[in-house]
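Below is one structure, written out as structure tokens; comments come after it.
The values are calculated or read from the model by the stated rules, or taken from the named source; none is laboratory data. It should be emphasised that the depicted structure is a prediction, and the values quoted were computed from it without experimental measurement. Areas reflect the complete protein model, heavy atoms only, side chains present, ligands, DNA and RNA absent. Shrake-Rupley method; radii C 1.70, N 1.55, O 1.52, S 1.80 Å.
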Amino acid sequence: MNFYDDIAKYSDKIALISENRDEITYTKLQEQSDKVADFLNAREVVFLVCKNCKESIFAYLGTLRKRAIPVLINDSIKPDLFENLLNKYRPSYIYLPKEKSNMKSEFEVVKS
């Protein structure tokens with residue numbers, strides 16, 4: 001069994017502390033991750049345009065919990081490089097920060 005399959009067993013223990021000093025419990029981590037997982041299908045490629053935030057962690061864990069294939073991409077990626085990756089890997093979904101929503105192409109965006 002993988003760590004991300006059984007994070008509820010840690011329940012109210014602190015999993016993350018955000019830069020704003022918000023404390024995220026394992027229960028909250030699982031709930032938020034599963035919200036992302038609900039949009040996905042197993043074994044499909046998901047581009048996760050990440051930055052240093054709790055939402056990126058939720059998206060990553062949700063992808064793992066759904067058994068999808070996460071591809072982590074830095075949110076400062078150059079648009080032409082991102083477009084090349086899109087064309088090469090043809091992800092089923094893209095998860096990206098709201099301020100990066102202009103990066104999407106004809107692919108379905110899971111959440112922004």
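So how much accessible area does ILE69 have, in Å² to the nearest 10, using a 1.4 Å probe?
So the heavy atoms of ILE69 present about 80 Å² to solvent.
Can you put LEU29, LEU16 in order of accessible area, largest first, using a 1.4 Å probe?
LEU16, LEU29
Radius of gyration and Dmax for the chain's Cα atoms, expressed in Å?
14.3, 43
Accessible area per residue for the chain in Å², computed with a 1.4 Å probe and the full protein assembly in place, what is it?
Each residue of the chain exposes 62 Å² on average to a 1.4 Å probe.
Measure nothing but the geometry: give the 0 to 90° angle between the long axis through the Cα atoms of 54-66 and the longest principal axis through the Cα atoms of the chain, rounded to 10°.
90
What angle, in degrees between 0 and 90 and rounded to the nearest 10, separates the Cα long axis of helix 79-89 from the longest principal axis of the Cα atoms of the chain?
80
Ranked from the most accessible area to the least, with a 1.4 Å probe and all protein chains present, what is the order of SER76, SER56? Can you show the working numbers first?
Numbers: SER76 85, SER56 10 Å².
Correct descending sequence by accessible area is SER76, SER56.
Of the heavy-atom accessible surface of the chain (probe 1.4 angstrom), what whole percent is carbon and sulfur?
The C+S portion of the solvent-accessible surface of the chain is 47 percent.
Would you mind calculating the gained length between ASN74 and ASN52 on full extension (0.36 nm times residue separation, minus the Cα-Cα distance), in nm to one decimal?
7.0 nm
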